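The values are calculated or read from the model by the stated rules, or taken from the named source; none is laboratory data. Just so it is clear, the model here is predicted, and its values are computed rather than measured. Because the Cβ atoms are built from the backbone with ideal geometry, glycine has one as well, and the counts that use them run over all protein chains shown. Keep in mind that these areas ignore ligands, DNA and RNA; they rest on the heavy atoms of the full protein, side chains included. Shrake-Rupley method; radii C 1.70, N 1.55, O 1.52, S 1.80 Å.
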Amino acid sequence: MSLLASTNTNEVKKEERVIGGKKVSVAVVTPRDKPSAIPSSLAGLAKGMLLTLGYLLRPSKVVTRQYPENRKTLKFPQRYRAMLHLIFEEGGYHRCMACGICEKTCPNHSIKILTQKNQITGKIDLDRYIWRLDTCVFCNACVLSCPFDALEMGHEFENAVYDRRLLIFTLNRYAGPSVLRKVESEEARSKMMEPRDRYGGPVPLNGTAMPVVKPLTGKPEYKPGDAG
């Protein structure tokens, strides 16, 4: 019998044993005696108590957020993601060109881009930007892939609802081109803009079924170009 190897916890030895009438070389692991865990447990307990005592003596160092009492002063890290937004510039004009790249990039189909032909310009514009908060994983792929910087992730985290259909809605306030800011005439701009409400269009709350979400009954079928 000879010592082959040793580790921090066990010893491995080699010996020959008779198995099935034949001598076979086997490795035998002999556990070492483990040291008592009491000293390390007491040290960990003392460390935690010292940390708690430090917070008691210096309340300004407390890292626990006192929510909801601190709702008005609550601050979030820049990378925190909670709500997808279209970026609206001065005058309320969005940048979305309805190219559909974000829809293709979304890993679980939480975005649906609807387009329409603008009656004034004759070009294809954004009709509705429908976002499913109920299935979004906040991966930020849509924001990063947008070539026009038209999207951003906000910090609104209080989104609990009793009806899942409330989590599927339209992000854009109007249907129309993103280049409205370049149109000098206010009258011409207003003619190119068609208002869009939050829960209009082909969403469950307006009577359209979606995967795993039943529609609200009694609503008329949505047709492309409808303002409601």
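Answer with one residue from M83, I113, T30: the one whose Cα lies farthest towards the positive end of the charge dipole of region 8-155, charges on Cβ with Lys, Arg +1 and Asp, Glu -1.
Of M83, I113, T30, it is T30.
Under 17 Å from the Cα of K72, which aspartates and glutamates turn up, not counting those fewer than eight places away in the same chain?
E156, E158
What relative contact order, as a whole-number percentage, does the chain give when Cα pairs under 8 Å and 6 or more residues apart are counted?
Values: 338 pairs, mean separation 31.6, N = 228.
Relative contact order, the chain: 14 percent.
Can you list the lysines whose alpha carbon is less than 18 Å from that of K75, not counting same-chain residues fewer than 8 positions off?
Cross-link targets: K61.
Multiply the residue gap between K47 and T217 by 0.36 nm, knock off their C-alpha separation, and tell me the result in nm, one decimal place. Walk me through the numbers on the way to the answer.
Numbers: separation 170, 0.36 × 170 = 61.20 nm, distance 5.93 nm.
Extra length available between K47 and T217 comes to 55.3 nm.
Report the charge-dipole magnitude of the chain in Debye, nearest 20, computed about the Cα centre from +1 at each Lys and Arg Cβ and -1 at each Asp and Glu Cβ. Let's see the in-between values first.
Working: 35 positive and 23 negative charges, 185 e Å.
Charge dipole, the chain, about its Cα centre: 880 debye, nearest 20.
When ranked by the protection proxy of mean other Cβ atoms within 10 Å per residue, highest first, what sequence do the peptides 152-165, 94-107 form?
Details: 152-165: 12.0, 94-107: 17.4.
Result, highest mean Cβ count within 10 Å first: 94-107, 152-165.
On the accessible surface of the chain, probed at 1.4 Å, how many percent belong to carbon and sulfur atoms?
On the way: 8920 of 15780 Å².
About 57 percent, which is the carbon plus sulfur part of the accessible surface.
May I ask you to list the lysines whose Cα is less than 26 Å away from that of K112, ignoring any residue fewer than eight positions away on the same chain?
Of all the lysines, those that pass the test against K112 - Cα under 26 Å, at least 8 places apart if same chain - are K104, K123, K191, K214, K219, K223.
Placing +1 on the Cβ of each Lys and Arg and -1 on the Cβ of each Asp and Glu in the chain, which of L166, Y55, A150 has its Cα farthest towards the positive end of the resulting dipole?
Y55
Suppose every K and R has +1 on its Cβ and every D and E has -1 on its Cβ; what is the size of the dipole of region 40-145 about the Cα centre, in Debye to the nearest 20?
Numbers: 16 positive and 7 negative charges, 84 e Å.
So the dipole magnitude of region 40-145 works out to roughly 400 debye.
Separation between the R17 and K61 pseudo-spin-labels, each 7 Å from Cα along Cα→Cβ, expressed in nm?
Rounded to a tenth, the inter-label distance reads 5.6 nm.
Which of the cysteines found in the chain have nothing to pair with, since no other Cys Cβ lies under 4.7 Å from theirs?
If one checks each Cβ against the other cysteines of the chain, C96, C99, C106, C136, C139, C146 turn up with nothing under 4.7 Å.
What is the magnitude of the charge dipole of region 83-143 about its Cα centre, with +1 placed on the Cβ of each Lys and Arg, -1 on the Cβ of each Asp and Glu, and no other charges, expressed in debye to the nearest 20?
Working: 7 positive and 6 negative charges, 44 e Å.
Value, rounded to 20: 220 debye.
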